[in-house]
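Structure first, commentary second.
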Amino acid sequence: QVQLVESGGGLVQAGGSLSVSCAAFGNSFSINDMGWYRQVPGKQRELVATITSGGSTNYADSVKGRFSISRDNAKNTVYLQMNSLKPEDTAVYYCKAIVSMGTPRHQYQYWGQGTQVTVSS
């Protein structure tokens, strides 16, 4: 079993910056892709950014140039730096990890508990 623990987030004015992080805890696993998603009430969860184990990144068009995803493989942690925040970025942000574990190895998907990001106008 793997647990993803998120931290960061909070309230910021439009134009400001926030960062969130997500650390994975467990035994005998390796992490493949990691990513951040967000969800507002009444809407589907949407992709924000992903990063592979090799560091290749992918961003939603709405956050390109403003958000930056990174990871520390030694710490099993993924980060999301959010700059030039807009009110429409307000959402609960969730991290996701694709994990390989077990014998034989299988891939599993885990989600964090979510952290609120609120951008005031």
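Data for the structure
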quantity	calculated
Residue list for the range 26-48, restricted to those being of a type outside the set (S, T, N, Q) and within 19 Å of residue 118 (Cβ to Cβ)	36, 37, 38, 40, 41, 42, 43, 45, 46, 48
Filtered residues of the range 103-121 (kept if open to solvent by less than 40 Å² (accessible area, probe 1.4 Å) and not polar (S, T, N, Q))	110, 112, 114, 117, 119
Count of residues meeting criterion [open to solvent by 80 Å² or more (accessible area, probe 1.4 Å) and in a strand (DSSP E or B)] in the range 32-57	1
Condition met for residue 77 (open to solvent by less than 50 Å² (accessible area, probe 1.4 Å), farther than 12 Å from residue 117 by Cβ, in contact (Cβ under 8 Å) with a residue 12 or more places away in the chain and not aliphatic (A, V, I, L, M))	yes
Where residue 63 falls short, out of the listed (1) out of contact with any Leu (no Cβ under 6 Å at 6 or more places or on another chain); (2) farther than 12 Å from residue 89 by Cα; (3) open to solvent by less than 60 Å² (accessible area, probe 1.4 Å)	(2)
Checklist (1) more than 16 Å from the chain's Cα centre (by Cα); (2) open to solvent by 40 Å² or more (accessible area, probe 1.4 Å); (3) within 16 Å of residue 2 (Cα to Cα); (4) touching a residue at least 60 places away in the same chain (Cβ under 8 Å) applied to residue 86, failing item	(3)
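The values are calculated or read from the model by the stated rules, or taken from the named source; none is laboratory data. What you see is a predicted model, and the numbers here were worked out from it, not measured in a lab. No Cβ is skipped: glycine too gets one built from the backbone with ideal geometry, and neighbour counts run over all protein chains shown. Quick note on the areas: whole protein, heavy atoms, side chains included, nothing else; ligands and nucleic acids left out. Shrake-Rupley method; radii C 1.70, N 1.55, O 1.52, S 1.80 Å.
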